[in-house]
Amino acid sequence: INYYEQPVANAGSGGNECDLNFTFNASLTSGTGTWTQVGVPPSVANYFPNATSPTALATVTAYGTYFFRWTELNGTCSDFDDVQVDFYEQPAANAGTGDTVCGTLDHTLGAFASVGTGTWTIESGPGTATYVPDANTANATATVSMVGTYTFEWREVNGVCDDSATVVVLFANLPTVSYSGLGATYCISDTNAVPLTPAPVGGAFSGNGIVGNDFFPGLAAVGTNVITYTYTDGNGCTNSALDSTVILPLPVVSFSGLNGPYCVDDVLPVPL
């Protein structure tokens, strides 16, 4: 008569992994134990150092849900216990690149979705945001409630695995372009350029590219001119204004009767 201790298998706890590897934590009570797979798994597992180790490392080649069985055999007596392990692909969040948006509160975000479900939120900023079609769309259009600098977070969740990335977007007003002295009439002989008064301070003006009078950049030499000046501020935002300025030619002066001769005591004026 052979008397064997009855094994009481304990496969330990299962778990969730953000990769393709899982370390078991079974307990061996008596005899020998062996790891096997139950059901139809997504892929066949390999065990290191071997399948008889209670704390073997199981490596699979496909993500998904797996059921593993720890079977203990002691003589003719056996027992088993099962554990479930879910293998999830780790997301790699990429929120895209930042931008400066001028004159609008709308901006199309440009995340690159990897796996799982992604969600846009505001990490920091002066206002709130709504997203079209929704906050789970990688290239959603965000509409903020006020101008300012916003940091948007794109967080991807896949099972118990997650990753996040941020992108900074500046929503800026268009600069105000104002002029003084335009809309007036000038002679082509005037030696002063049209005075420009940019607002706000900073940035630079550029003309409309028309070659004109040296003293009136962007204007034709003579005539009524509709001119365009574009102002670029420190944020890189541009705005333009139109106005018209009249440039007059010099009058034509002609004389008749000159080249005399005349006497110094002539009392008649020179005929013009």
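Put a dot 7 Å past the Cα of T151, heading toward its Cβ, do the same for C263, and the two dots end up 10.0 nm apart. Taking a ≥ b ≥ c as the square roots of the eigenvalues of the Cα gyration tensor, the range 70-182 is classed as prolate, since a/c reaches at least 1.5 and a/b is larger than b/c. In the range 84-149, the inverse of the mean reciprocal separation of distinct Cα atoms equals 13.3 Å; this is its Kirkwood hydrodynamic radius.
Relative contact order of the range 1-148, taken over Cα pairs closer than 8 Å and 6 or more residues apart, is 21 percent.
Could you order peptides 55-63, 164-172 by the average number of other Cβ atoms within 10 Å of their residues, highest first? Please report the intermediate quantities before stating the final value.
Values: 55-63: 16.6, 164-172: 18.7.
Top of the packing list down: 164-172, 55-63.
Summing Lys and Arg as +1 and Asp and Glu as -1 over all other residues whose Cβ lies under 15 Å from the Cβ of S43 gives a net charge of -4.
Spherically averaged projected area of the convex hull of Cα atoms, the range 1-112: 9.9 nm².
Every number here is computed from the coordinates shown, using simple stated rules; none is lab data. In this text the structure is predicted, and so the values were computed from the model without any measurement. Here Cβ is always computed from backbone atoms with ideal geometry, including for glycine, and neighbour counts include all displayed protein chains.
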